[in-house]
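Only the coordinates and a few stated rules stand behind these numbers; no lab work does. Source: prediction; values computed, not measured. So basically every Cβ, Gly included, is an ideal-geometry build from the backbone, and we count neighbours across all protein chains shown.
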Amino acid sequence: MARAADPAWRTLTKQEEAVIVHRGTERPFSGEYEHTTARGTYSCKRCGAALYRSDDKFDARCGWPSFDQEIEGAVKRLPDEDGERVEIRCARCDAHLGHVFRGERFTSRNTRHCVNSISLVFVPLP
């Protein structure tokens, strides 16, 4: 379902659009936030909605930033077109974020949100 772009949304580069709008994936180990350990919030690059807290980020050594919990109500889950994975999108603007996996036992929550750095903006704590 195509939606008109909200004029408040950030203008995306072609590379950002390929991931955020057309549901692509950035190359593993290439993202800006894969190894970020500073405290703060990760927001949607397209609309600015707060999605994840740094306290919920962990190193899954998978090549993308990983979180074991989203900010309540910020992320929606949809069956992926491949029929096997679960896609995650921003609940506010529908931007593609990545995929969520369960049962890998990386953390006590047993959930890994595997998120493209290019879909995020990090807002450090003051």
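Miscellaneous remarks
- Exactly one residue out of VAL21, VAL100, VAL75, VAL115 is over 25 Å from ALA8 (Cα atoms) and within 14 Å of the chain's Cα centre (by Cα): that is VAL100.
- Criterion violated by ASP82 - all others in (1) within 15 Å of ARG23 (Cα to Cα); (2) touching a Lys or Arg at 6+ places or on another chain (Cβ under 8 Å); (3) among the acidic types (Asp, Glu) satisfied: (2)
- Matching strands (runs of 3 or more DSSP E) fully within region 1-114 where at least 3 residues are in contact (Cβ under 8 Å) with a residue 24 or more places away in the chain, of a type outside the set (A, V, I, L, M, F, W, C) and closer than 24 Å to PRO126 by Cβ: 40-44
- Among residues of region 107-126, those that are of a type outside the set (S, T, N, Q), closer than 14 Å to ASP68 by Cβ and crowded, with 17+ Cβ neighbours inside 10 Å, counted: 4
- Residues that are surrounded by fewer than 16 Cβ atoms within 10 Å (Cβ to Cβ) and within 18 Å of GLU34 (Cα to Cα) within region 64-76 comprise just one, GLN69.
- Region 26-38, residues that are of a type outside the set (S, T, N, Q) and either touching a strand residue (DSSP E or B) at 6+ places or on another chain (Cβ under 7 Å) or surrounded by 13 or more Cβ atoms within 10 Å (Cβ to Cβ) (or both): GLU26, GLY31, GLU32, TYR33, GLU34, ALA38
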